[in-house]
1. Hey, can you tell me all the residues within the range 94-104 that are surrounded by fewer than 16 Cβ atoms within 10 Å (Cβ to Cβ) and either under 24 Å from residue 122 (Cβ atoms) or of a type in the set (Gly, Ala, Ser) (or both)?
2. Can you tell me which residue is modelled with the highest pLDDT among those in the range 105-129 that are surrounded by 10 or more Cβ atoms within 10 Å (Cβ to Cβ) and aliphatic (A, V, I, L, M)?
3. Assuming residue 23 fulfils every condition listed in (1) modelled with pLDDT under 70; (2) loosely packed, with under 12 Cβ neighbours inside 10 Å; (3) closer than 24 Å to residue 92 by Cβ apart from one, which condition is it?
4. Within the range 93-115, take every residue that is hydroxyl-bearing (Ser, Thr, Tyr) and outside any helix (DSSP H, G or I) and give me the one that is farthest from residue 39 (Cα to Cα).
5. Within the range 35-87, take every residue that is β-branched (Val, Ile, Thr) and within 18 Å of the chain's Cα centre (by Cα) and give me the one that is farthest from residue 103 (Cα to Cα).
6. For residue 64, all conditions in the list (1) touching a Cys at 6+ places or on another chain (Cβ under 9 Å); (2) loosely packed, with under 12 Cβ neighbours inside 10 Å; (3) aliphatic (A, V, I, L, M) hold save one; what is the number of the exception?
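The values are calculated or read from the model by the stated rules, or taken from the named source; none is laboratory data. All values reported here derive from a predicted model rather than from experimental measurement. A quick note on method: Cβ atoms are made from the backbone with ideal geometry, for glycine too, and the neighbour counts reach across all protein chains shown.
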Amino acid sequence: MNSEKTSANEIQGDAMSICNQPLSECNNCGLSEVLMCKYEVKDTIIFLIPFLIAFIPVIIGIILSGYGLWLIAYFGFLIFFFIIWENRILCSYCPYYAEEGKTLRCHANYGLPKTWSYHPEPLSHSEQI
């Protein structure tokens, strides 16, 4: 990527080489100790345990306090936020988004559909806010 103007296809090609290296090559990478390059189920479990410990009592408390119907709106917002909003603002810039397929295969949003095209350009000012 030496030229001043680099096409989106060239950048996407670079992103593909970043996130599709075989695991054997990742072991030789100097970043392997500080960067989670490959998705593993244990990463999701490590995330879910503390999340569910907090989330389940909150949901039970909301239902017991009589505000259970608000959960419908809340879950609707969560679906909009993670599938539409976050997917566009954050995910569509990530090298994992450049991978082939219609779903994400990353640590944060594994399995969610890709609702936008890959955007290798820098974030706009409004997206940084």
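1. 100, 101
2. Restricting to residues being surrounded by 10 or more Cβ atoms within 10 Å (Cβ to Cβ) and aliphatic (A, V, I, L, M), the top hit is 112.
3. It is condition (3) that residue 23 fails.
4. Once the filter is applied, the top-ranked residue is 115.
5. 46
6. Of (1) touching a Cys at 6+ places or on another chain (Cβ under 9 Å); (2) loosely packed, with under 12 Cβ neighbours inside 10 Å; (3) aliphatic (A, V, I, L, M), only one is false for residue 64: (1).
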